[in-house]
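The values are calculated or read from the model by the stated rules, or taken from the named source; none is laboratory data. What you see is a predicted model; the values in this text were computed from it and never measured. Here Cβ is always computed from backbone atoms with ideal geometry, including for glycine, and neighbour counts include all displayed protein chains.
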Amino acid sequence: MASGLADLKRLSKISLSLGVDGAACNNLLDPFFEMRLAHLLNRHLHGLRGISAERVFQIATLGGAQAMRMQNEIGSLEKNKEADAIVVRVPEFICFNTRFPYESLIHSITSADIEAVFVKGRKVFHKN
């Protein structure tokens, strides 16, 4: 919407979360696209000294939980937290680099690659 770029590196001292503002402005509602875009745009601002893909992933997961003041219940896989998780299928043509898992995840996966979704430990979605 031409309102500028958020400098996540400069803002990283405050609590950040990542999301989409709705289909009318975004058309995708794909969290993987938003993570990829946030990472690439901050690389544009700072080059390799920008925020890491791991930090972008943290902003998108635990950062969202913190924004809702629910970081003690959700946002990361830990004991005594709700077991919300997704299972993704890595497409055969993708070279998933285990040395750089966060880069591989946010730059190679889309929401179409989600195979299953678990909420509170229960499977609520499974792709046939």
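Taking segment 92-101, which residues are more than 18 Å from the chain's Cα centre (by Cα) and either of a type in the set (Asp, Glu) or exposed (fewer than 13 other Cβ atoms within 10 Å of the Cβ) (or both)? Explain how you work it out, then say what you get.
First pass over segment 92-101, keeping only residues more than 18 Å from the chain's Cα centre (by Cα): 92-95, 99.
The answer is GLU92, PHE93, CYS95, ARG99.
Take VAL20 and decide whether it is β-branched (Val, Ile, Thr), within 15 Å of the chain's Cα centre (by Cα) and modelled with pLDDT under 90.
Values: β-branched (Val, Ile, Thr): yes; within 15 Å of the chain's Cα centre (by Cα): yes; modelled with pLDDT under 90: yes.
Yes.
Just one of ILE86, ILE114, ILE106 is more than 20 Å from LEU37 (Cα to Cα) and surrounded by 14 or more Cβ atoms within 10 Å (Cβ to Cβ); which is it?
ILE86
Would you call ILE51 of a type in the set (Val, Ile, Thr), assigned to a loop (DSSP other than H, G, I, E, B) and at negative phi? Spell out the reasoning first.
On the way: of a type in the set (Val, Ile, Thr): yes; assigned to a loop (DSSP other than H, G, I, E, B): yes; at negative phi: yes.
Taking the combined requirement at face value, the residue satisfies it.
Please state which one of MET70, MET35 is assigned to a helix (DSSP H, G or I) and either aliphatic (A, V, I, L, M) or crowded, with 16+ Cβ neighbours inside 10 Å (or both).
Numbers: MET70 fails: assigned to a helix (DSSP H, G or I).
Of the residues listed, the single one that is assigned to a helix (DSSP H, G or I) and either aliphatic (A, V, I, L, M) or crowded, with 16+ Cβ neighbours inside 10 Å (or both) is MET35.
Return the pairs, sorted by first residue and then second, in which the second residue is of a type in the set (S, T, N, Q) and assigned to a helix (DSSP H, G or I), the first residue lies in segment 6-24 and is within 14 Å of ALA38 (Cβ to Cβ), the beta carbons are less than 7 Å apart, and the residues are 6+ apart or on different chains.
Going by the 7 Å Cβ cut-off, the qualifying pairs are LEU8/ASN42; LYS9/ASN42; SER17/GLN66; VAL20/ASN26.
Assess whether LEU77 counts as being out of contact with any helix residue (DSSP H, G or I) (no Cβ under 9 Å at 6 or more places or on another chain), without any contact (Cβ under 8 Å) to a residue 24 or more places away in the chain and either part of a loop (DSSP other than H, G, I, E, B) or surrounded by 15 or more Cβ atoms within 10 Å (Cβ to Cβ) (or both). Break it down stepwise before answering.
Working: out of contact with any helix residue (DSSP H, G or I) (no Cβ under 9 Å at 6 or more places or on another chain): yes; without any contact (Cβ under 8 Å) to a residue 24 or more places away in the chain: yes; either part of a loop (DSSP other than H, G, I, E, B) or surrounded by 15 or more Cβ atoms within 10 Å (Cβ to Cβ) (or both): yes.
Considered against the rule, which asks whether it is out of contact with any helix residue (DSSP H, G or I) (no Cβ under 9 Å at 6 or more places or on another chain), without any contact (Cβ under 8 Å) to a residue 24 or more places away in the chain and either part of a loop (DSSP other than H, G, I, E, B) or surrounded by 15 or more Cβ atoms within 10 Å (Cβ to Cβ) (or both), LEU77 comes out as yes.
Report yes if VAL56 is assigned to a loop (DSSP other than H, G, I, E, B), surrounded by 14 or more Cβ atoms within 10 Å (Cβ to Cβ) and either β-branched (Val, Ile, Thr) or in contact with a strand residue (DSSP E or B) (Cβ under 7 Å, 6 or more places away or on another chain) (or both), otherwise no.
Details: assigned to a loop (DSSP other than H, G, I, E, B): no; surrounded by 14 or more Cβ atoms within 10 Å (Cβ to Cβ): yes; either β-branched (Val, Ile, Thr) or in contact with a strand residue (DSSP E or B) (Cβ under 7 Å, 6 or more places away or on another chain) (or both): yes.
Criteria not met by VAL56.
When ARG122 is evaluated against the numbered criteria (1) touching a helix residue (DSSP H, G or I) at 6+ places or on another chain (Cβ under 9 Å); (2) farther than 22 Å from PHE33 by Cα; (3) not polar (S, T, N, Q), which criterion, by number, is the only one it fails?
Failing condition for ARG122: (1).
Select from segment 24-45 the residues that are among the aliphatic types (A, V, I, L, M) and in contact with a Leu (Cβ under 8 Å, 6 or more places away or on another chain) and list them in ascending order.
Our first condition is that a residue be among the aliphatic types (A, V, I, L, M); within segment 24-45, this holds for 24, 28-29, 35, 37-38, 40-41, 45.
Across segment 24-45, the qualifying residues are MET35, ALA38, LEU41, LEU45.
Are any residues in segment 80-108 of a type outside the set (Asp, Glu), touching a strand residue (DSSP E or B) at 6+ places or on another chain (Cβ under 7 Å) and part of a loop (DSSP other than H, G, I, E, B), and if so, which ones? If you could, list the steps in order and put the result at the bottom.
Keep residues of segment 80-108 that are of a type outside the set (Asp, Glu), which gives 80-81, 83, 85-91, 93-102, 104-108.
Now narrow it down to the ones that are touching a strand residue (DSSP E or B) at 6+ places or on another chain (Cβ under 7 Å): 83, 85-89.
ALA83, ARG89 - these are the residues of segment 80-108 that are of a type outside the set (Asp, Glu), touching a strand residue (DSSP E or B) at 6+ places or on another chain (Cβ under 7 Å) and part of a loop (DSSP other than H, G, I, E, B).
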